[in-house]
Amino acid sequence: MTQARPDTAPEMRRIPSVERLLAHPSGLPLAEEFGRTALTAAVRDDLARIRAGEAPGGDEATILARCADALAAGRRPSLRPVFNLTGTVLHTNLGRALLPASAARAVEAVMVQATNLEFDLATGNRGERDDHVEGLICRLTGAEAAIVVNNNAAAVLLVLNALAMRREVVVSRGELVEIGGSFRVPDVMARAGCRMREVGTTNRTHLRDFADAFGPATGLAMKVHPSNYAITGFTAQPDPDALHALCRERGVPLAEDLGSGSLIDLAAYGLPPEPTVSAALARADVVTFSGDKLLGGVQCGIVAGRKDLLARIRKSPLKRALRVDKMTYAALEAVLRLYLHPERLRDELPTLRLLTRERAEIAEQAHRLVPAVAERLVGWATVAVADAMSQIGSGALPVETLPSAALMLTPEGGASRARSAGGRCRQLARSLRDLPVPIIGRIKDDRVLLDLRTLEDETGFLDSLSAL
Ligand SMILES: *Cc1c(COP(=O)(O)O)cnc(C)c1O
C-alpha cells in the first residue's frame, strides 16, 4: 500500500481505483454486457463525481451498481414510443399519424434489403422514385401527376420556387397564414425567391382584385387553406371556379395549399368537413398537402396536379434536395393502398379509426379501466371518468372538437412533496412522463386528464402505469 499524501482528505483515500472496480466480481458481468470501454468510462465518470462531491462514495459494489444504472439509462433510445393521451389525435410534437401495421411491415422490408427505388424492373433501366406512388395518388385524387417531398412545407416551397422564382405570386390578404412552427406564407414565399403580391383586404377579397394584379410579372396565383383560424362576419373570397377560369384565361397557374387535405369526405364519417384533394384539384392546377395529417400516413408533402406543371417542378434542383427516402415511399404506398378499399378503411387506418370513435365507446372503456388504474395510482391520485373534448390537431380548426371521455386524475397530498394542488398536479404529470413508456396527458384545473380516444393498447398502458 502506498502512503496517502498529507493533503488528501481521508474520504478521498477510500475511493477505490478504476482497476480495482473493473476487477471486482460485480464488475465483470457489466463489462460483458456493456463492453469494457463503456464500463471504464462509466466508472471514471462516477469517480469524478465522487471527487467533486456530486455523488456519495461507497464501496466497490455500490459504485458499480450506480454505474450499471447509468449504463442502462444510457442505452435507452432518445426517440421512443409514448402514450399520447392529450386528446389531440394528430399531435405534431408526438409524431402525428400512427401508421397501420401493413405500412410498418412494408417499411421494414425495404430497410433491410436492396430495393427497386429508382430501378425499372421491366426494362432494367433507371427508374423514377415517385413512380411507386404516383399512380395511386392520381387514381385516388384525379390528379394527372404527383410528386413526393419531405413535408408539406417543402411541397409549398418547391411549387413556389419552381413555378414563380423571381416572379410575383398573387395571394389574398386573408390567407397570409402562419401555421405554427415557423411556417408563415410570406416568409416561405421570400425563401422560395418569389415576390408576394397581396390583394384584397384581411376580410374581403374579390375576383377583380386578382384580375387587376395579374400582369407580365405574375408567375402564380395562390390559395392557402386557413387551417387553424376562421375569418367570420363581413367576409368574401372569390368564387373558386371563377378564380380558376380567370387564371386559365390569363395563363396564370393556380396553386392551392390544402395543408391537411383529406382523400375522403370526412363529413360522411360524422367528422367536421375538410376540403378533399379531389375537390381542390377541380378548382386549382396544383395542390399541396401533408402525408401525416388527415391522410394518416407518414411525414411527407405531396404535390398533385397538372402534368405540364409537375414536369417543371420535377426538374427543379430543389426537388433533389427535398426528396424522401425509400422508407417513406414504402409507408406511403401501403397507406394509399388502404384507400382502394374504402369499406375497410375505418378499421385499418389508425387515424380514421381514432377520429371516428364514439364518445359512448370511449366512456365505456374509461369506466372499465378505472379500477385497474386506481389500483396503480394508490397514494398518487384518485381516478374518475370525465367528459372531454378531443381535437383533430395538425392545423384542423381548433374549435372543431370531438366528444370524448377521459380518466381524470386528482393528485393526493401523500405521495407528493409539493404543497399546492398545482404543484402536485405538475409532479404527477412529470412522474407519468418518467414511466418506461411515458404517458402524456393534459393538465386542466389542477387535474391530469388522460383522454382515452387514442388509447388502444390497454395492456401496455397498465403495464407502464404499474412502474409508477
Ligand atoms: C400543416 C400545414 C402546412 C405544413 O405542413 P407540414 O407537413 O407540417 O410541413 C402547410 N400549410 C398548411 C395550410 C398546413 O395546414
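Just so it is clear, none of the values below were taken in a lab; they were calculated from the coordinates. Everything numeric in this text was worked out from a predicted model, so none of it was measured. Positions of Cβ are generated from backbone atoms using ideal geometry, with glycine treated the same way; all protein chains shown enter the neighbour counts.
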Global geometry of the stretch 101-348, whether rounded, prolate or oblate, following the gyration tensor of its Cα atoms and the 1.5 cut on a/c: prolate
Using alpha-carbon coordinates, inclination of helix 326-338 to the longest axis of the chain, degrees: 60
Computed over the chain: relative contact order in percent, which uses C-alpha pairs under 8 Å that are six or more apart: 18
Degrees separating the helix 240-250 axis from the principal Cα axis of the chain, which is the longest one: 60
Descending semi-axes in Å of the chain, equivalent ellipsoid built from Cα gyration tensor: 51, 30, 23
Over the stretch 261-320: Kirkwood hydrodynamic radius from C-alpha pairwise inverse distances, Å: 12.7
Sorted by Cβ neighbour density within 10 Å, fewest at the top, the residues 198, 108, 412: 108, 412, 198
Tilt relative to the chain, helix 36-51 - C-alpha long axis, 0 to 90 degrees, to 10: 70
Over the stretch 14-75 - Rg/Rh using Cα atoms and the Kirkwood inverse-distance radius: 0.92
Selection of trypsin sites (Lys or Arg not before Pro), the stretch 364-468, meeting DSSP coil and at most 10 other Cβ within 10 Å: 417, 419
Amide H contacts of residue 150 (H built 1.01 Å from N, under 5 Å, at least 5 apart or other chain): 301
Distance (nanometres) between label positions extended 7 Å along Cα→Cβ at residue 282 and residue 75: 5.8
Positive-end extreme of charge dipole, the chain - chosen from 296, 62, 390 (charges on Cβ): 62
Projected area, mean over directions - the stretch 201-314, Cα convex hull, nm²: 8.4
Approximate spin-label separation residue 31-residue 52, in nm, with each point projected 7 Å along Cα-to-Cβ: 2.6
Cα-based shape type of the stretch 415-468, given that a ≥ b ≥ c are square roots of the gyration tensor eigenvalues and the cut on a/c is 1.5: oblate
D_trans [Stokes-Einstein, Kirkwood Rh over alpha-carbon pairs] for the stretch 51-90, 10 °C, 1.306 mPa s, µm² s⁻¹: 118
Separation between Cα centres of the stretch 26-103 and the stretch 234-281, rounded to whole Å: 49
Inter-centroid distance (Cα atoms) of the stretch 406-463 relative to the stretch 307-349, Å: 38
Over the chain: helical MRE at 222 nm, DSSP H runs n ≥ 4 each giving -39500 (n - 2.57), nearest 500: -12000 deg cm²/dmol
